[in-house]
1. Can you tell me the FRET efficiency between Asp200 and Ser404 if r is taken as the Cβ-Cβ distance and R0 is 41 Å, rounded to the nearest 0.05?
2. Given 5 Å bins starting at zero, what is the percent of C-alpha pairs of segment 116-170 in each, up to the one with the largest pair distance?
3. What is the projected area of the convex hull of the Cα atoms of segment 139-269, averaged over all directions, in nm²?
4. Averaging the inverse of every distinct alpha carbon separation and then flipping it gives the Kirkwood radius. What is it for segment 74-161, in angstrom units?
5. Can you give the calculated 222 nm mean residue ellipticity of the chain, where each DSSP H run of n ≥ 4 adds -39,500 (n - 2.57) and the sum is split over every residue, rounded to the nearest 500 deg cm²/dmol?
6. Please list, by residue number, every one of the trypsin sites (Lys or Arg not before Pro) in segment 247-307 that is coil in DSSP and has at most 11 other beta-carbon atoms within 10 Å.
7. Does segment 229-295 come out rounded, prolate or oblate, given a ≥ b ≥ c as the square roots of the eigenvalues of its C-alpha gyration tensor, rounded meaning a/c under 1.5 and, failing that, prolate meaning a/b above b/c?
8. Name the shape class, rounded, prolate or oblate, that the alpha-carbon gyration tensor gives for segment 366-409, where a ≥ b ≥ c are the square roots of its eigenvalues, rounded holds for a/c under 1.5, and otherwise prolate holds if a/b is larger than b/c and oblate otherwise.
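The values are calculated or read from the model by the stated rules, or taken from the named source; none is laboratory data. Computed from a predicted model, the values in this text were never measured in an experiment. Counting neighbours? That spans all protein chains shown, and the Cβs are built from the backbone with ideal geometry, glycine included. Areas reflect the complete protein model, heavy atoms only, side chains present, ligands, DNA and RNA absent. Shrake-Rupley method; radii C 1.70, N 1.55, O 1.52, S 1.80 Å.
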Amino acid sequence: MTTSTHLVHSRRFLPLFVTQLLGAFNDNLFKNAMVLYVVYSIYNSAEAEAQFSAIASGLFILPFFVLSALAGQLADMRDKARIIRIVKACEIAIMLVGAAGLLLAWRSGGASAIAIPLMLTALFAMGVHSTFFGPIKYAILPQHLEPGEVLAGTGLVEAGTYIAILAGTILAGWIPVEWAAAGVIVTALLGYTVSREVPDAPPLSPGEPLDFHLVRSSVRLVGNTLHDRRVFLAITAISFFWTIGAVLFIQFPPLAKNVLEASKEVASLFLVVFSIGVAIGSMSINALLKGRVSARFATGSVILMAGFVVIFYIVCRGWAGHPADGLLNVSQFLRQPLAGPLLVALLGIAVTGGMFVVPLYAFLTTFVDKSQTARTIAANNIVNSGAMVVGSLLAVGLSAAGVSIVDQLLLSAGMCLISAWLAQKLFQAEKRGCPSTLTR
């Protein structure tokens, strides 16, 4: 905690921290305002709502899969601070388009033919924005921080991300959509202003040429992670984690509306609890590990996560809160007998998830050469995004096949067990301390 307090007062860390916090806030304010408005004000079908939520998530994730290789190369071969400023300037234009879509949907009551295309276009563009910013926010840490500060910095970045998700989610669920349209523009302007204070981070591989062939560079980038078994296993385990997260986030709005018969404020509450939990887990694991990068607690954390998912599933199956008129508001929801166990289970999922994933990100920034850090993070993003797209497609396919939203929760529990197996393999490789290639 002393290290963390020191970092948040340092120019080496604070401007980057605030910049990424504002970016995550804006992503979630816009995305959740859009999804909640469409689910609660335009569609009236559980299948259509789940499919729209999955399509929106897939569009946001797709750029990570296609463009991460180029983003990683740029981050290693150009000044990271300069790229941040360019990306944040682009965010202003993107949010002008997104705000226009939100306002058109609001003014027309959802009848505008171009409102949803505009919103989805802006969401896709924000995915591109995050693709180029993502490798930098982790790769810049070893360049600006001391070795003993990297885990604390990674934990703060991860916790800050989820605090921002929390704030964006709360506002998206509680303020009118026209206010959200104004908010995303103001936040983009603030993000660009703060980004100008990030200290220079000169390229560590300045002489290397950029490879603009997206497929070839992506394959090569992922292949380069095979040199260290620990890094490869960390990437694979993180990918399964984010597949689980993608499926859960897709399910929350339609689950709240159609299973729990609750309002959009309750759907927003679910995302808030999830975000708080991941932030708690992110900070707790740093305290448990005392600053040492290790997967010691990863297996136990994700097994506990699977258990909480099963409890969440059981509570949803037993839910009996049916309002006499309309949907349950937050106060009515909290008075239901099973509301407490439901929220505790959700919080448990999030806390154990945060404890699982933070040390794995630290593996990616501490077990590779600093000149390769951004490309390693980019390789991780490629694999993660591919897994998350698969998760989104699974959610769409299962909904189309008639599998209930509640039953789809069991898919998340099953993927937790795969992540536990990968985490155990990672810990074994860590104990051996051997970065042997997987092909030997």
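1. Numbers: r = 53 Å, r/R0 = 1.29.
Calculated value: 0.20.
2. Answer for segment 116-170: a P(r) of 4, 17, 16, 21, 18, 11, 7, 4, 2, 0 percent.
3. Working: hull surface 48.1 nm².
Dividing the Cα hull surface by four gives the mean projection, 12.0 nm².
4. Values: mean 1/r = 0.0666 Å⁻¹.
In segment 74-161 this quantity evaluates to 15.0 Å.
5. Values: 16 runs with 345 residues, N = 440.
Computed mean residue ellipticity for the chain: -27500 deg cm²/dmol.
6. Details: sites: Lys257, Lys264, Lys290, Arg292, Arg296; in loops: Lys290, Arg292, Arg296.
Passing both the DSSP loop test and the Cβ count: Lys290.
7. Working: a/c = 5.59, a/b = 1.86, b/c = 3.00.
The shape class here is oblate.
8. Working: a/c = 8.35, a/b = 3.83, b/c = 2.18.
Judged from the Cα gyration tensor, segment 366-409 comes out prolate (a/c at least 1.5, a/b above b/c).
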